[in-house]
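What follows is one structure encoded as structure tokens, with my remarks underneath.
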Amino acid sequence: MIERMSAFNARPVLFALSNPTSKAECTAEQAYTWSSGRAIFATGSPFGAVTYNGREYWPGQGNNAYVFPGIGLGAVVCRARRIPDEFFLAAARTLAELVIPSDLERGTLYPPLRHIRRISLAIAVAVVETAYAMKLARTRRPRNLRDAIARFMYEP
């Protein structure tokens, strides 16, 4: 199937079912091999880097860690009355905007997880902006939304 997808897609995107990892539909190595290194691969489980034809690829781990902390932070900061689908759409769009070409070149669909605090802050800002637009926020809008949310974040 991956070979067929690769026949008519320059960069096939693969979301393999993977929980538990030992039962994954396909591994990152298989995805990169069967697509001749063109796949952009993400699963819910962690896969290590793969070297294919002398090039290193980093599979994405697309799990709850990317959007739920930012959605939760945004909802708490503005004391949203509810969490509608629009918050999840704002989170998804924001996450997509944070993907840079070098992420895709590495064969991954998400920014590096080591940037999760920056990602969560950006998503929280988008969620709070959505909450104000939908009149779901129960707090006064701060002058500098990003700074106000950043001050609210837990510092370990």
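Values quoted throughout were computed directly from the atomic coordinates according to the rules given, and no laboratory measurement underlies them. Everything numeric here is computed off the predicted structure, so don't read it as measured data. Cβ placement follows ideal geometry from the backbone for every residue including glycine, while neighbour counts extend to all protein chains displayed.
Taking the DSSP beta bridges in the stretch 2-61 as the whole, what percent of them are antiparallel, to the nearest 5?
That works out to approximately 35 percent antiparallel.
If contacts are Cα pairs under 8 angstrom and at least 6 residues apart, what is the relative contact order of the chain in percent?
Relative contact order comes out at 21 percent.
Of the DSSP beta bridges with both residues in the stretch 1-146, give the percent that are antiparallel, rounding to the nearest 5.
35 percent
So what are the ³J(HN,Hα) numbers for the stretch 117-133, from phi and the Karplus equation (6.51, -1.76, 1.60; θ = phi - 60°), rounded to whole Hz, Gly and Pro as x?
Listing the rounded values in order: 5, 5, 5, 4, 5, 4, 5, 4, 4, 4, 5, 5, 4, 5, 4, 5, 4 Hz.
If eta is 0.692 mPa s and T is 37 °C, what Stokes-Einstein diffusion coefficient results for the chain, Kirkwood Rh from Cα pairs, in µm²/s?
In µm²/s, the coefficient is 194.
Taking amide hydrogens as modeled 1.01 Å from N in the peptide plane, which residues meet the under 5 Å criterion relative to ALA16, leaving out close sequence neighbours?
ALA42
At 7 Å along the Cα-to-beta-carbon direction for both GLU97 and PHE68, put a label point, then send me their distance in nm to one decimal.
Distance between label points: 2.4 nm.
Is the shape of the stretch 2-61 rounded, prolate or oblate, going by the alpha carbon gyration tensor and its root eigenvalues a ≥ b ≥ c, with a/c under 1.5 for rounded and a/b larger than b/c for prolate?
The shape class here is oblate.
Under the √(5λ) rule applied to the eigenvalues of the Cα gyration tensor, what semi-axes describe the equivalent ellipsoid of the stretch 68-152? Give them in Å, descending.
25, 13, 9
Give, rounded to the nearest 20 debye, the magnitude of the charge dipole that the stretch 1-125 has about its Cα centre when Lys and Arg contribute +1 at Cβ and Asp and Glu contribute -1 at Cβ.
360 debye
Give me the distance in nm between label points sitting 7 Å out from Cα along the Cα-to-Cβ direction at MET1 and LEU104, one decimal.
Taking the simple label geometry, MET1 and LEU104 are separated by 2.4 nm.
May I ask for the angle, rounded to the nearest 10°, between helix 85-98 and the longest principal axis of the chain, with both axes built from Cα atoms and the value confined to 0 to 90°?
That helix lies at roughly 60 degrees to the long axis.
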